[in-house]
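Accompanying notes for the structure given below.
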Amino acid sequence: MSQSQSHTHRTSISQHSRSVSHFIQDLDELTDTELIKLVNDLKHQIKVLNLENEIFERTIIRLEPSLMHGIQQALEYAHKLQSSSSMNVGSFVKSQTSRIGGLDSLTSPSRMLTSPSKVSTRRVESSVKLGGTIIFGTGPRINVLERSELVSSEMEILIHNLEKARNKASKQQALLKAQLEEIGIRVNDIVKANETFNEEVIIEGWDKIAQRIPAEIWIRFMMEWLKICDSQIGKLRLRTSTLNAQFSKLKSQIKVKSELSESLRAVDFQKLKIENNECVNIIDKKLQQLSELKKMTGDANLNLTIHKKAMMEQNTYLTNIINTIRKKEKLTMELDKEREKIQIQVDSLVKKLDEVKTIRQAYEVPDIMDYVCVKSEVTDLKHSIKLLENRSHIQQIALTSLNKKLNSMSVKT
């Protein structure tokens, strides 16, 4: 068994050496432009094969991870085979193999298997591990349709994972945003509490006489602060209970919707579509009625505005008339008061006139000679009064002088 394996190995090496020498002869016949084009094509093929190998590896790991156990050994064996074959070729083949990842892939229908933990890729022929040996040239072939199915399935899985990661990231972002808002609120509360404490306790509560802060101010501040905290805690508890009730309600609605979605059929959607169409028709009719009602309401508002304007004008005219009546009533009251005053004056003047008439009727003109006699007697009486006043004044002066003399004599004695 071991001899047949060694013979097979030597045969494969000789075939590989012949294919490499033949490929080198073909390369010598190519021009620089064709060689550059060939290199670019090989790079493009390598990229495509890398993508295929990555998809195959993902599919194998997802479906049957145990199949990946012998892949690393196959890659190491292929690397040793490539290095041993490249030692027999010139430096040009070494450079080409290092750039395009091995020339043995050009002559054999091989498959590219890439490990996700390594960046470099190696092209090996399809192998099957049988009794500890690796036999090249065997294995199943994958057509284009199967490759497209594998790619579509892997894309669906990647999109599903991406959506899950996106939803998780959005939830984490919302959680972090809520935590940041909570921290901001706490920081604002702490800053406000510190400012209030410094203002009410440290600044205003400082006793200049005792050179300290009284305990009563501290205790009162703490009691008021505890009352404020209790009220805020009550509000937050009420808000939390409301949010929990809303959350439970939404959770139950989601559960009901999920149950309904499991039990729904195509007929239900068709029925729902028919009901929605009927509702849409009813809504259109209601909208038409609403537009007509809006037109009627607009006409009514226009008429109401016209009548309201006329009523405002009538009210203004009525207000002016009422104000004029009030002014006339005030003037009438003032005229009545003046009339009463004038009537009183007229009555007093009438009385005076009657008295004057009475006096005039009873008055008699005296005789002129009697008037002259009375006038002369009055003049004589005024002259005698004046003489008596002078005499009294002289006697008063004499009395004053006698009193002075008596006072001086009494002082000498």
Report task. Just report the Cα centroid separation between the range 306-335 and the range 177-247, whole Å. Result -> 62
Query raised in the report: Given a 1.4 Å probe and every protein chain left where it sits, what share in percent of the accessible area of the range 230-293 is carbon and sulfur?
Result: 61
Query raised in the report: Considering only protein heavy atoms, what is the solvent-accessible area of L226 at a probe of 1.4 Å, reported in Å² to the nearest 10?
Result: 90
**Report entry** Radius 14 Å from Cβ of K249, net charge of other residues (Lys, Arg +1; Asp, Glu -1)
**Finding:** +3
Query - Over 25 Å between alpha carbons, listed pairs K309/K330; K177/K251; K171/K251; K171/K249; K164/K257; K171/K273 - result: K309/K330; K171/K273
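The values are calculated or read from the model by the stated rules, or taken from the named source; none is laboratory data. All values reported here derive from a predicted model rather than from experimental measurement. FYI the Cβ positions are ideal-geometry reconstructions off the backbone, even for glycines, and counts take in every protein chain you see. For accessibility, only protein heavy atoms count, side chains too; no ligands or nucleic acids. Shrake-Rupley method; radii C 1.70, N 1.55, O 1.52, S 1.80 Å.
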